[in-house]
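Undergrad: First the structure, then my questions, so here it is.
The values are calculated or read from the model by the stated rules, or taken from the named source; none is laboratory data. Since the model is a prediction, treat every value here as computed from it, not as a measurement. Counting neighbours? That spans all protein chains shown, and the Cβs are built from the backbone with ideal geometry, glycine included. Just so you know, the surface numbers come from the protein's heavy atoms only, side chains and all, with ligands and any DNA or RNA stripped out. Shrake-Rupley method; radii C 1.70, N 1.55, O 1.52, S 1.80 Å.
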Amino acid sequence: KLGLAASAKRVDPAALWSLTRMGVPIGLQYALESGVFSLATALISRFGVVSAASHTIVLNVASFTYTVPTAIAGATAILVGQALGRGDIGEARRTGWIAQGLALVVMAASGLTLALLGSHIAGLFTNDAPVIDLCARLIIMAAIFQIADGVQAVGGGALRGVGETRSSMVANLVGYWFIGLPLAYLFGERMGKGVIGFWMGLTAGLYAVAALILYRWALRSMRLKQEVGNA
């Protein structure tokens, strides 16, 4: 017998606190990320039906391509964690960096596809010419941030594998809310670029998030390397 029935009746406060301490920042990270795009959608809707429709279509396309690095990130967290559990720090580091390389290649291909087929992709959603034209321009912005999207997703997965979740939350807070959203408002509202300006700002914010997460993973990877050298 596995003893699962008996163990299910016991409450381990330390284990619950550990799960909460690691899980809450992950939830807040996703809330910060989805929240900034939800707020941007509400602000963009004031620019008219064509802008709102184009933004929604391209956001759906970007969300679809994002599923690939999300899956890689989940696998990365598991494999990095398993390697550390075995005490194989070198394997944990290699896994994290290989996953980053994989995300880079996959999302570069995704970005190239979006850039080349923007109008055709938009045509799958609507036959309205003004919407298709604006979608094609916005899809270029989505193509530009594909690499950053992959890096920040997989980097966050690598950090979760070493038990670090707060840094990704902080990166999303700083990148999206302190950099991306203000720039989006500046470009879109103050400089009159409309929905294009909002996407410019959000793209800058996404690259800031990716840079912060990649920097943090590089520090953790270096620390793991030092642990190997001192062992």
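Undergrad: Could you grab me the full set of residues in the stretch 45-56 that are open to solvent by 40 Å² or more (accessible area, probe 1.4 Å) and either without any contact (Cβ under 8 Å) to a residue 60 or more places away in the chain or in contact with a strand residue (DSSP E or B) (Cβ under 6 Å, 6 or more places away or on another chain) (or both)? Can you show your working first?
TA: Going residue by residue through the stretch 45-56, those that are open to solvent by 40 Å² or more (accessible area, probe 1.4 Å) are 45-47, 49-50, 56.
Scanning the stretch 45-56 gives SER45, ARG46, VAL49, THR56.
Undergrad: Show me the helices (runs of 4 or more DSSP H) entirely contained within the stretch 103-175 in which 1 or more residues are closer than 30 Å to THR20 by Cβ.
TA: Numbers: elements: 129-144, 146-161, 166-172.
Where helices (runs of 4 or more DSSP H) fall fully within the stretch 103-175 and carry at least 1 residues being closer than 30 Å to THR20 by Cβ, they are 146-161, 166-172.
Undergrad: Of these, LEU102, LEU79, which one is of a type in the set (A, V, I, L, M) and in contact (Cβ under 8 Å) with a residue 60 or more places away in the chain?
TA: Just a single option satisfies the conditions, and that option is LEU79.
Undergrad: Going by what's in this entry, would THR76 be described as β-branched (Val, Ile, Thr), outside any helix (DSSP H, G or I) and open to solvent by less than 60 Å² (accessible area, probe 1.4 Å)?
TA: Working: β-branched (Val, Ile, Thr): yes; outside any helix (DSSP H, G or I): no; open to solvent by less than 60 Å² (accessible area, probe 1.4 Å): yes.
Spelling it out, it is not the case that THR76 is β-branched (Val, Ile, Thr), outside any helix (DSSP H, G or I) and open to solvent by less than 60 Å² (accessible area, probe 1.4 Å).
Undergrad: Go through (1) of a type in the set (Ser, Thr, Tyr); (2) touching a Ser or Thr at 6+ places or on another chain (Cβ under 6 Å); (3) in a loop (DSSP other than H, G, I, E, B) and name the single condition THR65 misses.
TA: Condition not satisfied by THR65: (3).
Undergrad: Applying the selection to the stretch 119-131, what residues are surrounded by 15 or more Cβ atoms within 10 Å (Cβ to Cβ) and either at pLDDT below 95 or over 26 Å from the mean Cα position of the chain (by Cα) (or both)? Walk me through how you get there before you give the answer.
TA: To start, the set of residues in the stretch 119-131 that are surrounded by 15 or more Cβ atoms within 10 Å (Cβ to Cβ) comprises 121-123, 125, 128, 131.
Of everything in the stretch 119-131, those that are surrounded by 15 or more Cβ atoms within 10 Å (Cβ to Cβ) and either at pLDDT below 95 or over 26 Å from the mean Cα position of the chain (by Cα) (or both) turn out to be GLY123, ASP128, VAL131.
Undergrad: Out of curiosity, is ARG93 farther than 30 Å from SER167 by Cα, touching a helix residue (DSSP H, G or I) at 6+ places or on another chain (Cβ under 9 Å), part of a helix (DSSP H, G or I) and of a type in the set (D, E, K, R)?
TA: Working: farther than 30 Å from SER167 by Cα: no; touching a helix residue (DSSP H, G or I) at 6+ places or on another chain (Cβ under 9 Å): yes; part of a helix (DSSP H, G or I): yes; of a type in the set (D, E, K, R): yes.
Taking the combined requirement at face value, the residue does not satisfy it.
Undergrad: Right, next: Any idea which of (1) open to solvent by 30 Å² or more (accessible area, probe 1.4 Å); (2) assigned to a helix (DSSP H, G or I); (3) not hydroxyl-bearing (Ser, Thr, Tyr) is the one GLY192 doesn't satisfy?
TA: Result: GLY192 passes all but (2).
Undergrad: Name every residue in the stretch 137-155 that is open to solvent by 10 Å² or more (accessible area, probe 1.4 Å), more than 16 Å from the chain's Cα centre (by Cα) and closer than 20 Å to ALA108 by Cβ, in order of residue number.
TA: ILE140
Undergrad: Just a yes or no: is a residue in the stretch 174-194 of a type in the set (A, V, I, L, M, F, W, C) and touching a Pro at 6+ places or on another chain (Cβ under 6 Å)? Even if it seems obvious, please write down each step before you answer.
TA: Residues of the stretch 174-194 that are of a type in the set (A, V, I, L, M, F, W, C), as a first pass: 174, 177-179, 181, 183-184, 186-187, 191.
After this cut, where a residue has to be touching a Pro at 6+ places or on another chain (Cβ under 6 Å) as well, the list is none.
Looking through the stretch 174-194, none of the residues is of a type in the set (A, V, I, L, M, F, W, C) and touching a Pro at 6+ places or on another chain (Cβ under 6 Å).
Undergrad: Right, something else. Which of the following residues is open to solvent by 30 Å² or more (accessible area, probe 1.4 Å), modelled with pLDDT of 95 or more and over 16 Å from the mean Cα position of the chain (by Cα): LEU16, LEU59, LEU28, LEU39?
TA: Details: LEU16 fails: modelled with pLDDT of 95 or more; LEU59 fails: over 16 Å from the mean Cα position of the chain (by Cα); LEU28 fails: over 16 Å from the mean Cα position of the chain (by Cα).
On inspection, the qualifying residue turns out to be LEU39.
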